[in-house]
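The values are calculated or read from the model by the stated rules, or taken from the named source; none is laboratory data. The structure presented is a predicted model; accordingly, all values stated were derived computationally and were not measured. Neighbour counts are summed over all protein chains in view; Cβ atoms, including those assigned to glycine, are modelled from backbone coordinates with ideal geometry.
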Amino acid sequence: MDFRSPKPFSAAVTVFHDRRLPEPARPAGYAALIDAYDLSAPVPLRLTATGERHRITEQDGWRILTPRHAPEASLGGHLTFALKYEGLDLAVLKRLFLALDPRDIEAIIRTTPTGLYARRIWFLFEWLTGRELDLPPLDRGTYTDVVDTEQQFASEGVNAPRQRVRNNLPGTADFCPLVFKTPRLQEFMALNLADRARAVADRAPADILARTAAFLLLKDSKASYVIENENPPQDRVQRWGRAIGEAGKHPLDLDELLRLQRIVIGEQRFVHIGLREEGGFVGVRDRDTRMPLPDHISARHEDLRALIDGMAAFDRGAATHLDPVIAAAALAFGFVYVHPFEDGNGRLHRYLIHHTLAHRGFNPPGVVFPVSSVILARINEYRAVLESYSKRLLPLVEWRATDDGNVDVINDTSDFYRFFDATPHAEFLFSCVRQTIEQDLPEEAEYLRRHDEAVRQIMNAVEMPERKAADFILFVRQNGGALSNKRRHREFEPLTDDEVSRLQDIVRDAFHGFEPGRELNNAGAVRA
């Protein structure tokens, strides 16, 4: 095998891989290794360099450390620096290890075989490549974590006696996204959102909670189709809603995903049910030539089974030890990047959020957080989160167009879908879940409480069917607090002027001070 010889490690620069540094500085850690070994891997969201000033600067995706932080200009120096200051980037490490002669890693470890970083490097090389180094197992020393839990989220861990490390990687070699412990995520976790959701549910009467849950479920199902620019018939929306309502009850595996794909697709004559048997991409085609113009290229169809098995193993294992929202983000966004099916990937991606939260008991029993409706309202932010990785991934995928306007990937890309930084995705999902708990759930419960009180008072004031009273409320609220003349003559001709005035006052009083955002009633009609 031909192994790669490094270029000299870079001197101070002002631009690195089209990314401008805030000041002249010397790339360090992952940046230096990517450059020196010409690695084909997504460039990390945040890079590190060492400057000439004795202060630390963080700006434009760069962290500039001081001269005293500068590592030795060697493979071992920059590799140790990366693990110490930048956490784990498994995609970069995998590509680096494949490019190296294993003897280069053995030499680093033999220098300090019991060193904390040497043992982690040793384990990571063997775990990522599946190749055993020519080194004897250690027989002494305390165990150290592979993932630095001060920097990134990890699983509970299992001891690996050979290197005397604790393998706390949150996944397997087939699927292992990582999430950094950012201040924003720490703040979200401190909110104890699951407890807040249960408190809201406990305050609502049982009948109102049940109706709230039904509305939120339908709201999420409808929004999930709208995100995909689809307007399916109501029975399909309800069928998908029932599937979401059962999220978390069935083990996640390929058979379960295929069952869900059949539900979400409905008409199957023009869609292949099952894993793709060809390439896939997200984007458009040139109108004249039908040439693909991809924004994102999916995993190769040859890699799909292993990736799905890796996600299933993640769901059964590491996801049970992570915060539920973080686990949901890693699983769901990992799935949508893989894009294993011809159709239905987006809705299944969002289903996996519900699956993970429900399986972990994060949401109150029977209540589905309408995450899809929040995503729909924040669609540009959602797309930006998806592109936070796909834009860095796309230049690394080598492909050619097929005769039918598809793509055929010609290089090995599997690691790019196994290992990615899911931090932006976790932050976004946490913000969506927070909105559903602090806004959507209590607002819907409060709406129903006020609506029921208005219906009761209307029926006490004027004898009419309950449905008619509900219609009166809807029409008054749609028209800014007054019944329109058109509705008056078409729907409520028997009412006197005094009765209309009195009923309008009931509605206004019932909903005084209640001004939520855009709302839908249980039939899908827009509330005023």
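Criterion first (under 18 Å from the mean Cα position of the chain (by Cα) and not small (Gly, Ala, Ser)) does Phe281 satisfy it? Here the answer is no, as Phe281 does not meet what is asked. The helices (runs of 4 or more DSSP H) found entirely in region 450-511 that carry 1 or more residues being within 41 Å of the chain's Cα centre (by Cα) are 466-478, 497-510. Can you find a residue that is out of contact with any Gly (no Cβ under 6 Å at 6 or more places or on another chain), under 17 Å from Tyr337 (Cβ atoms), surrounded by fewer than 21 Cβ atoms within 10 Å (Cβ to Cβ) and not aliphatic (A, V, I, L, M) anywhere in region 433-444? No, region 433-444 contains no residue that is out of contact with any Gly (no Cβ under 6 Å at 6 or more places or on another chain), under 17 Å from Tyr337 (Cβ atoms), surrounded by fewer than 21 Cβ atoms within 10 Å (Cβ to Cβ) and not aliphatic (A, V, I, L, M). Being touching a residue at least 60 places away in the same chain (Cβ under 8 Å) and on the phi > 0 side of the Ramachandran plot is true of Gly87. Of all the criteria given as (1) surrounded by 13 or more Cβ atoms within 10 Å (Cβ to Cβ); (2) modelled with pLDDT of 95 or more; (3) among the β-branched types (Val, Ile, Thr), the one not satisfied by Val200 is (2). Comparison of Phe420, Phe416, Phe472, Phe430 shows that the only residue that is in the same structural domain as Ile326 (by TED's automatic domain parsing), buried (at least 21 other Cβ atoms within 10 Å of the Cβ) and more than 26 Å from Phe341 (Cβ to Cβ) is Phe430.
Being in contact (Cβ under 8 Å) with a residue 12 or more places away in the chain and out of contact with any helix residue (DSSP H, G or I) (no Cβ under 9 Å at 6 or more places or on another chain) is a description that applies to Ala313. Of all residue pairs spaced 6 or more apart or on separate chains, those with beta-carbon atoms under 8 Å, a first member in region 454-465 that is touching a residue at least 40 places away in the same chain (Cβ under 8 Å) and a second member that is among the β-branched types (Val, Ile, Thr) are Ala454/Ile473; Ala454/Ile506; Ala454/Val507; Gln457/Ile506; Ile458/Ile473; Ile458/Ile506; Ile458/Val507; Ala461/Ile506. Is it the case that some residue within region 252-268 is within 28 Å of Thr423 (Cβ to Cβ), in the same structural domain as Glu387 (by TED's automatic domain parsing) and of a type outside the set (A, V, I, L, M, F, W, C)? Within region 252-268, one or more residues are within 28 Å of Thr423 (Cβ to Cβ), in the same structural domain as Glu387 (by TED's automatic domain parsing) and of a type outside the set (A, V, I, L, M, F, W, C). When Thr14, Thr57, Thr80 are checked against the criterion of being closer than 21 Å to Arg120 by Cβ and of a type in the set (Val, Ile, Thr), Thr80 stands alone in meeting it. Being among the hydroxyl-bearing types (Ser, Thr, Tyr) and surrounded by fewer than 21 Cβ atoms within 10 Å (Cβ to Cβ) is a property that does not hold for Ser372. In summary, Arg140 fulfils each of the numbered conditions (1) touching a helix residue (DSSP H, G or I) at 6+ places or on another chain (Cβ under 8 Å); (2) at pLDDT below 95; (3) of a type outside the set (Asp, Glu) with the single exception of condition (1).
Residue count for region 175-184, restricted to those that are among the aliphatic types (A, V, I, L, M) and assigned to a loop (DSSP other than H, G, I, E, B): 1.
In region 311-324, the residue that is surrounded by the fewest Cβ atoms within 10 Å (Cβ to Cβ) out of those that are under 16 Å from Asn168 (Cα atoms) and among the small types (Gly, Ala, Ser) is Gly317. Give region 250-307 a look and list any residue that's without any contact (Cβ under 8 Å) to a residue 12 or more places away in the chain and part of a helix (DSSP H, G or I), or say none. Matches in region 250-307: Asp255, Glu256, Arg259, Arg262, Glu302.
For region 515-528, does any single residue satisfy the condition of being surrounded by 15 or more Cβ atoms within 10 Å (Cβ to Cβ), hydrophobic (A, V, I, L, M, F, W, C) and either more than 25 Å from Leu217 (Cα to Cα) or modelled with pLDDT of 95 or more (or both)? The answer is no, given that none of the residues of region 515-528 is surrounded by 15 or more Cβ atoms within 10 Å (Cβ to Cβ), hydrophobic (A, V, I, L, M, F, W, C) and either more than 25 Å from Leu217 (Cα to Cα) or modelled with pLDDT of 95 or more (or both). Surrounded by fewer than 18 Cβ atoms within 10 Å (Cβ to Cβ), part of a loop (DSSP other than H, G, I, E, B) and free of Cβ contacts under 8 Å to residues at least 24 places away in the same chain, is that true of Glu187? Considered against the rule, which asks whether it is surrounded by fewer than 18 Cβ atoms within 10 Å (Cβ to Cβ), part of a loop (DSSP other than H, G, I, E, B) and free of Cβ contacts under 8 Å to residues at least 24 places away in the same chain, Glu187 comes out as no.
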